[in-house]
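First up is the structure itself, then whatever we jot down about it.
The values are calculated or read from the model by the stated rules, or taken from the named source; none is laboratory data. These numbers were taken from a predicted model, which means no experiment stands behind them. Cβ placement follows ideal geometry from the backbone for every residue including glycine, while neighbour counts extend to all protein chains displayed.
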Amino acid sequence: MSTDAYHLEELKIARNASDPRHVAPPIGAAHRRILDVGCGAGQTLLAAGLAPGVLGVGVDPDRAALALGRSWGGGVRLARATGEALPFPAESFDLVVARVALPYMRVRSALAEFARVLRPGGTVWMVLHPFSMAWRDLLRHLRRLQLKGAFHRVHVLCNGLLLHAFGLQIPFGRKGYESCQTRGGMARALRRAGFQDVQFDHARAFVATARRPEAAESA
């Protein structure tokens, strides 16, 4: 599947709530400024049907995906950036979304940035990669004798264990810091970044949500 075809399929899924692959952030009246980190072509925000006056911003390091998203229109602002270095002032957003993006980032750095750009009381919503998914991928590669893919999955699992136990990750060539996540490891990482009210949901995907405390709560 070509890159454009992949993003078009993702947009189709994002617009179809009955699709079992559909996972979308709950957007409420308090969410007037929304940031989607690792947005691809902006599918999540485009499919959300944001109300007039709501600012939707997406960032991604992939120039081609951003160009495709801009060609679609839809009013979502797109910029090239990574989750570890967001080009926005502090307290710029009410909601930060990271749909299957955090697993490819340096988690500690990215969560610190998410907390920085969120206003007090703002929330973060993320779809993660569970340990079980990386383990299944490893077994699949081994059954097919795909040793390169299997070796990469071993690295992802090792990073998941390091992240769970110590909050650390190690880079692996061009694959970067990819990891899988656990509830315990993510709860500790989110609290370390200053979040509270950490919650997890496994209904359709491994979803984590948390809230940046109000100023009075963190005093």
Note to self: Can you confirm whether Pro87 is surrounded by fewer than 19 Cβ atoms within 10 Å (Cβ to Cβ) and either of a type in the set (Val, Ile, Thr) or without any contact (Cβ under 8 Å) to a residue 60 or more places away in the chain (or both)?
What the structure shows: yes
Next item on the list: Kindly indicate which of Gly56, Gly69, Gly28 is in a loop (DSSP other than H, G, I, E, B) and of a type outside the set (A, V, I, L, M, F, W, C).
Entry: Gly28
Item checked: Residue pairs meeting the criteria (Cβ under 7 Å; at least 6 apart or on separate chains; first under 16 Å from Phe195 (Cα atoms) and of a type in the set (Phe, Trp, Tyr), in segment 113-141; second outside any strand (DSSP E or B) and at pLDDT 95 or above) -> Trp125/Pro25
Note to self: Cβ-Cβ distance below 9 Å, separation of 6 or more or different chains: which pairs start in segment 155-184 with a residue that is within 17 Å of Thr82 (Cβ to Cβ) and end on one that is among the hydroxyl-bearing types (Ser, Thr, Tyr) and surrounded by 14 or more Cβ atoms within 10 Å (Cβ to Cβ)?
What the structure shows: Gln169/Tyr177; Gln169/Ser179; Pro171/Tyr177; Lys175/Tyr104; Gly176/Tyr104; Tyr177/Tyr104; Glu178/Tyr104; Ser179/Tyr104
Check: Any chance segment 192-200 includes a residue that's surrounded by fewer than 20 Cβ atoms within 10 Å (Cβ to Cβ), within 16 Å of the chain's Cα centre (by Cα) and without any contact (Cβ under 8 Å) to a residue 12 or more places away in the chain?
Finding: yes
Next item on the list: Hey, could you check segment 1-37 for residues that are touching a Gly at 6+ places or on another chain (Cβ under 6 Å) and not charged (D, E, K, R) and say which is surrounded by the fewest Cβ atoms within 10 Å (Cβ to Cβ)?
Entry: His7
Next item on the list: Evaluate the following for Gly40: is it outside any helix (DSSP H, G or I), buried (at least 23 other Cβ atoms within 10 Å of the Cβ) and either free of Cβ contacts under 8 Å to residues at least 60 places away in the same chain or among the hydroxyl-bearing types (Ser, Thr, Tyr) (or both)?
Entry: yes
Notebook entry, point to check: In segment 201-219, which residues are without any contact (Cβ under 8 Å) to a residue 60 or more places away in the chain and either among the small types (Gly, Ala, Ser) or crowded, with 16+ Cβ neighbours inside 10 Å (or both)?
Noted result: Ala203, Ala216, Ala219
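Residues are listed down the side, and each one gets a yes or a no for (1) over 18 Å from Met126 (Cβ atoms); (2) in contact with a Lys or Arg (Cβ under 6 Å, 6 or more places away or on another chain):
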{"site": "Pro20", "(1), (2)": "yes, no"}
{"site": "Pro26", "(1), (2)": "no, no"}
{"site": "Gln43", "(1), (2)": "no, no"}
{"site": "Val54", "(1), (2)": "yes, yes"}
{"site": "Gly74", "(1), (2)": "yes, no"}
{"site": "Ala79", "(1), (2)": "yes, no"}
{"site": "Leu86", "(1), (2)": "no, no"}
{"site": "Pro89", "(1), (2)": "yes, no"}
Next item on the list: Could you pull out every one of the strands (runs of 3 or more DSSP E) wholly within segment 77-176 that has 1 or more residues that are farther than 27 Å from Arg63 by Cβ?
Entry: 93-99, 118-128
